[in-house]
Structure formats: structure tokens, C-alpha cells
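The values are calculated or read from the model by the stated rules, or taken from the named source; none is laboratory data. Note that this is a predicted model, so its numbers are computed, not measured. All Cβ positions, even for glycine, are placed from backbone atoms using ideal geometry, and neighbour counts span all protein chains on display. Ligands, DNA and RNA are stripped out before the accessible areas are found, and what is left, the full protein with its side chains, is counted by its heavy atoms. Shrake-Rupley method; radii C 1.70, N 1.55, O 1.52, S 1.80 Å.
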Amino acid sequence: MVRNNHLTLLLSCLVMLPLMVESRIRHFKWEVNYLPWSPDCSTESLLIAINGHFPGPTIRARAGDAIVVELHNKLPTEGVVIHWHGITQFESPWADGTASISQCAINPEETFIYRFKVDKAGTYFYHGHHGMQRSAGLYGSLIVEVAEGKQEPFHYNAELSLLLSDWWHQSIYQQMVDLHSKPFRWIGEPQSLLIEGKGRHNCSLKAYEEDKNKDPDLVPTTLCPKNNKSECAPHVLQVEPNKTYRLRIASVTSLASLNFAFGNHKLVLVEADGSYIQPVTVESLDIYSGETYSLLLHTNQDPSTNYWASASIISRHPKTPPGLAILNYRPNPSSLLPRSAPPTPPKWNDTARAIAFARKIVADPLRNTNPPASAIHRIVLLNTQNKINGYTKWAINNVSLVLPATPYLGSIRYGLHSAFDFHTNPPEDFPENYDIFRPPQNPNATTGNAVYKLKLGSTVDVILQNANLLTEGTSEVHPWHLHGHDFWVLGFGDGRFNWQRDAARFNLKDPPRKNTVALFPYGWTAIRFVADNPGVWAFHCHIEPHLHMGMGVVIAEGVDRVRNVPRDVLGCGMTRRLIGPHGP
């Protein structure tokens, strides 16, 4: 009998061996610190770096791998957290990296260990989620390849990746003070756009070309002739002629919505936010803060020259020059300037074009599941700009989010109901007589920190409804990001959403699965998701100052199912008392 048990155990181990071989634990040891730097080769300032690098180190893993990041905070006066954008954190909600929601901020000289599984191949990134630290440069790429033995549904010869971001010369600390000032002081448009951490300010192609004519031997290490620092050179993507490249691209901008293009090249989009989409050929890519894409680039143009890659602002009046990089056809030198001008971006305020582009993104039906046919829970979220005690804020259904001192995950899990407004149900709709095309008749809103409590396993429809700002005739794009879930994008529309009229037009055939979606001016966006991930999750506008001014909500589902919460996430607010010699 004992021998039979041993044999059974041996056979079980042999069966499990392939699974153990396929997945790995990938360990990273990081220090977060300040770095004096000038990403656009203008004013040097302090950015927040990881291991002295900006952008931060790229994480590469395979689907099914476990990621372990040992994060030590070397910032002398402020806490830090890292959010793993697009990773659902199933069975590890405490690792989502949202200060005051999933965990306490990691204090100076403290170490926190993030442990989580990456269960789906795709293009992702990570960034700071405390204060406005993403604006200060705390971000990097997170790339999850298909599991060992699996193949992508498209072919390519090699892979490239890009992070797109925006940059201000004013520190995030001054920006935060200004955002909370009375009268309100807006941070303004970014001074530059960065491609893979490199940009240019106060310089132009024309200035460079004029200096080149005066000095034919001038080496183009920079687009700013008066600045010969090597870090001022534009980012270079090296390619071989007549190849196919997969370009993974992510927008970590704090404010800017972007249009990205390569001169003389078309793009084939194949992945959005970690899910496969039906391949679609486009001239350029609209990408909003928080979105990621994979696109196929065929290097089938004249190989004797190089080409521009350009990122330009859309949806806001562009007061920032385009971000430029060089597509370098080898064996041409990377210093060879392209013959043609950078791509011309679309009109910044052509909302109809932007919506038409968004509708081109549909799911690959062979590799995606359709959404449930209907939802049992409906929530409508009105996005407005308001006043609270004379301060300018953003609000959702007239409530501006102010996060509590005690993280929601710990306070709900352990019944600390006085840690936030536990007994209030936040509003799930807005008044019928609200005119979305005019500034609010009563601009006053209130602050709140109540949570949308969802039944575990329920299907939820959320309608994001845009409206006029405090200023007449203005409405802005808001990219919304949901933590802990992917959702189906059911549709976009103009004006005020109507359940009877507009729900009948939802795309239930091939809606894309995403984690971030744009809400367009004076319009609505409809999403559907299944509340199947026990935890507490942020849902917010991904524009950094908008979130900082209250533009977000918090959802909770099945928190009683959450087990083994690490002690390290509970060391602030009311959860401090839960920490004893053996933890909670």
C-alpha cells in the first residue's frame, strides 16, 4: 500500500513537471531614487528613477510566470507605490500598487515585495500611483510573451518597443500645489513630448538644418545644434530593409492624447491592451494615456534613407512640438536625417475622426470571448468639472474622490467600517434634467470616499458620460482605466446616453477587450465587465492632474474571499492596529 502511494506520488509529479518547467519566477531588485536629468535637454530637474535609470528597467516574462519585485524606497521624504498597469492581479489584489486602495505607501528606507502572476501575454507597463509620481518619470515597460510552446497569431522578424510620455519643466510638487490653489492655477501644456524618455525643447529641424548648411561636418547627435549632449540625440529604432517588426507601444502620458506615425509607412494594428484584435491597417495610431498597442511595421520603403517617427498632440490645442525619433534603415548611419518632413498629424479637434478610429478596433473573434448578453448592474458616471469651497475639482456624479488614510482593501477585509464612508452608496446615475452641453447650473460638488459594492460574479455595464466644463463650449477627452479587470468596449456615441435608444446599438458581436478607453467630448462610452476578481479596485481618468483633482471611483467585489493579505500593506491608518507579532 505504501509502495502504491509512492508510485501515485511519482506519477503525479511527472504529470506536473511540464507545468513547473513552463513557468518561472522572475526576480527583480529595485531602488527608487531621485535622478538629476533633462529629458528634453533644457532645464535640469529631479525625476524619479529606478536603479538610476529613466525610463525604468523593462520587465520581460512569459504568460504564467510569477513576478517578484523587491522595491526599496530611497526617496528621502515621500512614499511610493508601483502599479502594474493591465495586470489583473487575480488572487493578489494587494499587489495592484494603488496607494490608499490596495496598500499603504512604501515609506522612505522601507522595502516592499510585490508578488504576482502574469497570466496573459500582451503589452503592458508599470508606473507610480502615489501623488503625481508618474509625471516625474516613474514608469517602465512590462512585456509578457506567450507561454513556452505557444505562438503568436501573426508573424514578425524582430521586436521593438516604445514608451510615449510628456514632460514639464515645473516640478510635480509645484504642480500639485497649483492644482490645489485658490484661485486655480492650471499646470499648462507640457513643454515637450518624449519618445522612450527622449525629447526636444526650444529647438527645431529648421535650426538644425541651418547649422548643417554652415558646417557640413556637423554630427547630428541632437536636433538642438547648440546642445551636443549625447542624451539629446533622438531615440533611434534600428531596422533592416524588407523585414516585419512588431512594435509594442504604450502611452504613459500625464495629460496628452497622441497620434503616432512613421513617415511613408503604414501600420497594422494587431493587439490592444493585451488582447488580440482583428488586424487593421492604418496611416497612424491614436493612443490615449494608459493604452497599449502592438503594431506590425513592414520596412518596405526606400532603404537608402531614414524616416521620422512622430508623436503629436490631439484632443487639446497643440502648444507642444511633436516628439521625434528616427527609424534607421541599416546600414544607413543613425545620424542620417530623413529626407522627408515628419508626418502631418490629423486636426487636433476632429472628434468625428477620432471616434471613427476608435471604432476600427474590434476583437479577433477566434481568440476572444464575447461578453455576456446582458448585465444585471448598471452604473452611469457623469464626468464634470466643479467647485468645492472655491477650489476647482473634477467630480463623478457630483462627488470628487478623496482617498482615505486607511487602504480600502485592509479596512473592508477586516471590518474597519469607520475608516471610510462604508455605509453610503455612491450615486449610480445623475439627474434627468442635467444639460451636458452647458456649464453646470450649480457648479458646487462634494467630496466623498464611498465604494461601489458589486456582487461577485455579476455582469456590470458602465456608461461614461461626458459633459461641458465650467467654461462655456469646452469638453475634454478622458481616458478611463479600470484596475483588476479587462472590459468589453460596447460602443461610443454623441450627446446624452439613452438606454432605450443606444443600448440597442451595443456591439456584442466583436467588441474589443481593453483596460483603458477614451471618453470623447460631449459623448458617452459604454463598457461591460464581469466582477469576478475579489478585491478593491480603482476606476479613474488616467490623466494625472484629473485623478489628483478627484476624477475617479472605487469598486469592491468579494473582499471576504481575499486571503493571505501581507502584513506590509497594512501599516498605515487604522490598519496599524491589526499588525501584531504574527500579523492579522
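Given the condition under 22 Å from V517 (Cα atoms), open to solvent by less than 10 Å² (accessible area, probe 1.4 Å), basic (K, R) and in contact with a strand residue (DSSP E or B) (Cβ under 9 Å, 6 or more places away or on another chain), answer yes or no: does some residue in the stretch 114-122 qualify? Full working, then the answer.
To start, the set of residues in the stretch 114-122 that are under 22 Å from V517 (Cα atoms) comprises 118-122.
Right, trim to open to solvent by less than 10 Å² (accessible area, probe 1.4 Å) and you get 118, 122.
Still in the running and basic (K, R): none.
The answer is no; no qualifying residue exists.
Return yes when A467 is more than 30 Å from S251 (Cα to Cα), at pLDDT 95 or above and either of a type outside the set (S, T, N, Q) or surrounded by fewer than 16 Cβ atoms within 10 Å (Cβ to Cβ) (or both) and no when it is not. Give the steps one after another, and end with the answer.
Details: more than 30 Å from S251 (Cα to Cα): no; at pLDDT 95 or above: yes; either of a type outside the set (S, T, N, Q) or surrounded by fewer than 16 Cβ atoms within 10 Å (Cβ to Cβ) (or both): yes.
Judged against the criteria, A467 is not a match.
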Would you check if there is a residue in the stretch 533-544 being within 25 Å of Q278 (Cβ to Cβ), in contact with a helix residue (DSSP H, G or I) (Cβ under 6 Å, 6 or more places away or on another chain) and either assigned to a strand (DSSP E or B) or of a type outside the set (A, V, I, L, M, F, W, C) (or both)?
-> no
Candidate set: the stretch 557-578, residues that are of a type in the set (A, V, I, L, M) and closer than 20 Å to Y114 by Cα; chosen: the one surrounded by the most Cβ atoms within 10 Å (Cβ to Cβ) = L570
Mind counting the residues in the stretch 444-482 that are at positive phi and touching a residue at least 60 places away in the same chain (Cβ under 8 Å)?
-> 1
Residues being within 26 Å of S374 (Cβ to Cβ) and without any contact (Cβ under 8 Å) to a residue 24 or more places away in the chain: count how many of those fall in the stretch 413-443.
-> 2
So, in the stretch 176-194, of the ones that are of a type in the set (G, A, S) and open to solvent by 10 Å² or more (accessible area, probe 1.4 Å), which residue ends up nearest to L258 (Cα to Cα)?
-> G188
Return the total of residues in the stretch 66-113 being hydroxyl-bearing (S, T, Y), out of contact with any strand residue (DSSP E or B) (no Cβ under 8 Å at 6 or more places or on another chain) and open to solvent by less than 20 Å² (accessible area, probe 1.4 Å).
-> 0
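Does the stretch 511-531 contain at least one residue that is open to solvent by 20 Å² or more (accessible area, probe 1.4 Å), part of a loop (DSSP other than H, G, I, E, B), out of contact with any helix residue (DSSP H, G or I) (no Cβ under 7 Å at 6 or more places or on another chain) and under 25 Å from G122 (Cα atoms)?
Narrowing the stretch 511-531 to residues open to solvent by 20 Å² or more (accessible area, probe 1.4 Å): 513, 521-522, 530.
Filter again for part of a loop (DSSP other than H, G, I, E, B), leaving 521-522.
Next cut, out of contact with any helix residue (DSSP H, G or I) (no Cβ under 7 Å at 6 or more places or on another chain) only: 522.
Now restrict to residues that are under 25 Å from G122 (Cα atoms): none.
Checked against the condition, which is being open to solvent by 20 Å² or more (accessible area, probe 1.4 Å), part of a loop (DSSP other than H, G, I, E, B), out of contact with any helix residue (DSSP H, G or I) (no Cβ under 7 Å at 6 or more places or on another chain) and under 25 Å from G122 (Cα atoms), the stretch 511-531 yields no hits at all.
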Check off (1) surrounded by 13 or more Cβ atoms within 10 Å (Cβ to Cβ); (2) polar (S, T, N, Q); (3) in contact (Cβ under 8 Å) with a residue 60 or more places away in the chain for S374 and give me the number that stays unchecked.
-> (1)
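Hey, does the stretch 304-317 have a residue that's under 30 Å from S275 (Cβ atoms), of a type in the set (K, R) and touching a strand residue (DSSP E or B) at 6+ places or on another chain (Cβ under 8 Å)? Even if it seems obvious, please write down each step before you answer.
Our first condition is that a residue be under 30 Å from S275 (Cβ atoms); within the stretch 304-317, this holds for 307-316.
Next, from what is left, pick out any that are of a type in the set (K, R): 316.
Then keep just the ones that are touching a strand residue (DSSP E or B) at 6+ places or on another chain (Cβ under 8 Å); that gives 316.
Looking for residues that are under 30 Å from S275 (Cβ atoms), of a type in the set (K, R) and touching a strand residue (DSSP E or B) at 6+ places or on another chain (Cβ under 8 Å), one finds at least one in the stretch 304-317, hence yes.
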Checked pairs for the stretch 167-183, first within 20 Å of Y139 (Cβ to Cβ), second open to solvent by less than 10 Å² (accessible area, probe 1.4 Å) and among the charged types (D, E, K, R), C-beta under 6 Å and 6 or more apart or across chains, list as W167/D40
Unmet requirement for L162, which otherwise passes all of (1) open to solvent by 10 Å² or more (accessible area, probe 1.4 Å); (2) in contact (Cβ under 8 Å) with a residue 24 or more places away in the chain; (3) under 29 Å from Q238 (Cα atoms) | (1)
Elements of type strands (runs of 3 or more DSSP E) contained in the stretch 1-85, each with 1 or more residues being modelled with pLDDT under 95, within 23 Å of T253 (Cβ to Cβ) and not charged (D, E, K, R) = 25-37, 45-50
